[in-house]
Amino acid sequence: MVPSHDPELRATAYHEAGHAVAAFVLRRPIRTASIEPAEGSLGRVEHHPPGKWFQPDAGVDTRTRNLVKRHIVGHLAGPLAEERFTGSHNETGATSDHHHAVDLASYLVDDDERLQILVDDLSSRAAELLARTDVWRAVEAVAEELVRDRLLAGREVRAVIRRTGLRPGGRVFAR
């Protein structure tokens, strides 16, 4: 087992905690959060799938657009949290999340220029979310629990976050 003081383990914990806390704030149900290496990644946050109504291939209404944006912010929050913790950008750790964000954004816009503008905007919103003191406190708490336990069920993630006083919701897409 990797020691809990290992810098890579701690960076991974902050990365996954960023995903998990963003998901909580954005009301995306979390199934698990883990920093156990598997399937080509050092960690993961698994979500419950959206309802059957979520069919972005069939058309994008306001509900779908908002859900896709929440997914994108969640994907981008992980690498941003890791970067804030370590002080440097981890291109390897961020690549998969960025690709997922771009793939999702392609449901909302149909040209490369607008796609990049949308992803940049949502990346800024993810950074603003993580800059909030209450959100960052929750990221730190989840990261510490992940370092200690390596795997947390969704209810455990929610309990850790709630102990910090953070509540779901907020105006991430107000502008």
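A short reminder: the numbers here are calculations on the coordinates, not readings from a lab. The model shown is predicted, which means the values in this text are computed figures rather than measured ones. Heads up, the Cβs are rebuilt from the backbone with ideal geometry, glycines too, and the neighbour counts pull from every protein chain shown.
Quick check on the stretch 83-175: take the gyration tensor over C-alpha atoms, sort the square-rooted eigenvalues as a ≥ b ≥ c, and tell me if it's rounded (a/c under 1.5), prolate or oblate. Walk me through the intermediate numbers first.
Details: a/c = 2.07, a/b = 1.64, b/c = 1.26.
Taking the square roots of the gyration eigenvalues as a ≥ b ≥ c, the stretch 83-175 is prolate.
Ranking Leu9, Ala153, Thr92 by Cα position along the charge dipole of the chain, where only Lys, Arg, Asp and Glu carry charges on their C-beta atoms, puts Ala153 farthest toward the positive end.
Checking understanding here: applying a Kyte-Doolittle mean of at least 0.0 and a length along the axis of at least 15 Å (C-alpha), which whole DSSP H helices in the chain pass? Before the final figure, lay out each step's value.
Details: long enough: 7-25 (27 Å, 0.21); 62-86 (36 Å, -0.50); 91-105 (20 Å, -0.62); 112-131 (28 Å, 0.08); 133-149 (24 Å, -0.12).
What comes out of the filter, once short or polar helices are dropped, is 7-25, 112-131.
If you take all other residues with their beta carbon under 10 Å from the beta carbon of Val147, and give Lys and Arg +1 and Asp and Glu -1, the sum is -1.
State, as an integer percentage, the relative contact order of the stretch 7-163 based on alpha-carbon contacts under 8 Å between residues 6 or more apart. Relative contact order here is 35 percent. Per q in 0.24 1/Å, what log10 I(q)/I(0) does a Debye calculation on the alpha-carbon atoms of the stretch 106-152 return? After summing over all Cα pairs, the log10 values are -0.79. Note on the stretch 70-84 and the stretch 114-175: Cα centroid distance 8 Å, given to the nearest whole angstrom. Only one of the listed values, (1) 16.2; (2) 17.5; (3) 20.9, was derived from the coordinates as Kirkwood radius over Cα pairs in Å; which label is it? Of the labelled values, this structure produces (1).
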